[in-house]
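Student: One structure is given below, represented as C-alpha cells, and several questions about it will come after.
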Amino acid sequence: MPDARRRTLALWAPVLAYMVFIFGLSSISHPPAMPGGSDKGLHALLYSGLGALFARALSGGWDRVALRHLVMTVCFGAIYGASDELHQYFNPPRNVEVADVVADTIGAGAAAAALHAWGIIRGRDAL
C-alpha cells in the first residue's frame with residue numbers, strides 16, 4: 001500500500017471506527033440511567049473524542065488544527081449529532097432531544113478548539 005493511502009487510512013479509520021461506536025451506543029434501547037438524570041455531559045464527552053479525531057484527520061496531525069478545521073469539526077459534530085438523534089427516533093423507547101445535538105456540537109467544538117489552541121501554543125513556544 002502506498003504511503004499516501006496508508007496515511008489517509010491511519011487518519012480516517014479511527015474517525016469511522018468512533019462513528020460506528022457512537023452508532024452502536026445509540027442502538028441500545030435501554031441505556032443505563034445517568035447520575036443526576038442528565039446525559040448532556042456524557043454527550044459532550046463522547047463527541048469531544050469524535051471531534052478530536054475528526055480535526056486530526058482534517059489537519060493531518062494533532063498539532064496542525066487550523067481555524068477552518070475547527071469550524072468544519074463543529075459543523076460535522078452538529079450534523080453527526082443530528083443524524084444520531086434521527087437514528088434514536090427509530091429505536092424505541094429512545095427519544096430525540098435537540099439539547100443532545102447541542103451538547104454533541106459543543107463537545108466536538110471544544111476538542112477541536114483545544115487542539116487549535118495547542119497548535120498555537122506549541123508554535124509560539126517552539127515546543
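Only the coordinates and a few stated rules stand behind these numbers; no lab work does. Predicted model, so just to flag it, every value in this text is computed and none were measured. Backbone-built Cβ (ideal geometry, glycine too); neighbour counts: all protein chains shown.
Student: So what's the Cα pair-distance distribution over the stretch 84-127, bin width 5 Å, in %?
Tutor: P(r) for the stretch 84-127, in whole percents per bin: 5, 20, 15, 14, 11, 9, 8, 7, 6, 3, 1.
Student: Separate question: Beta carbons within 10 angstrom, averaged per residue: use that to sort the peptides 20-27, 97-104, highest first.
Tutor: My ranking of the peptides, most packed first, is 97-104, 20-27.
Student: What distance in nm separates the two pseudo spin-label positions at A17 and A66, each 7 Å out from Cα along the beta-carbon direction?
Tutor: 2.8
Student: Could you work out how far apart the two model spin labels at I79 and R6 are, taking each label as a point 7 Å from the Cα in the direction of the beta carbon, and quote it in nm?
Tutor: Taking the simple label geometry, I79 and R6 are separated by 3.0 nm.
Student: OK, next. For helix 40-59, report the angle its Cα long axis makes with the longest principal axis of the Cα atoms of the chain; keep it between 0 and 90° and round to the nearest 10°.
Tutor: 30
Student: Only loop residues by DSSP count here, and only those with at most 16 other Cβ atoms within 10 Å; note down the chymotrypsin sites (Phe, Trp or Tyr not before Pro) in the stretch 38-108 that meet that.
Tutor: The qualifying sites are W62, F90.
Student: Which whole-Hz couplings ³J(HN,Hα) result when phi for each residue of the stretch 82-87 is put into the Karplus expression 6.51 cos²θ - 1.76 cosθ + 1.60, θ = phi - 60°, listed in order with x for Gly and Pro?
Tutor: Ordered by residue, 3J(HN,Hα) equals 5, 5, 5, 5, 4, 4 Hz.
Student: Could you give the angle, 0 to 90 degrees to the nearest 10, between helix 98-125's Cα long axis and the longest principal axis of the Cα atoms of the chain?
Tutor: The angle comes out at about 20 degrees.
Student: With each label point set 7 Å from Cα along the Cα-Cβ vector, what nm distance links S26 and V96?
Tutor: In this crude spin-label approximation the distance works out to 1.1 nm.
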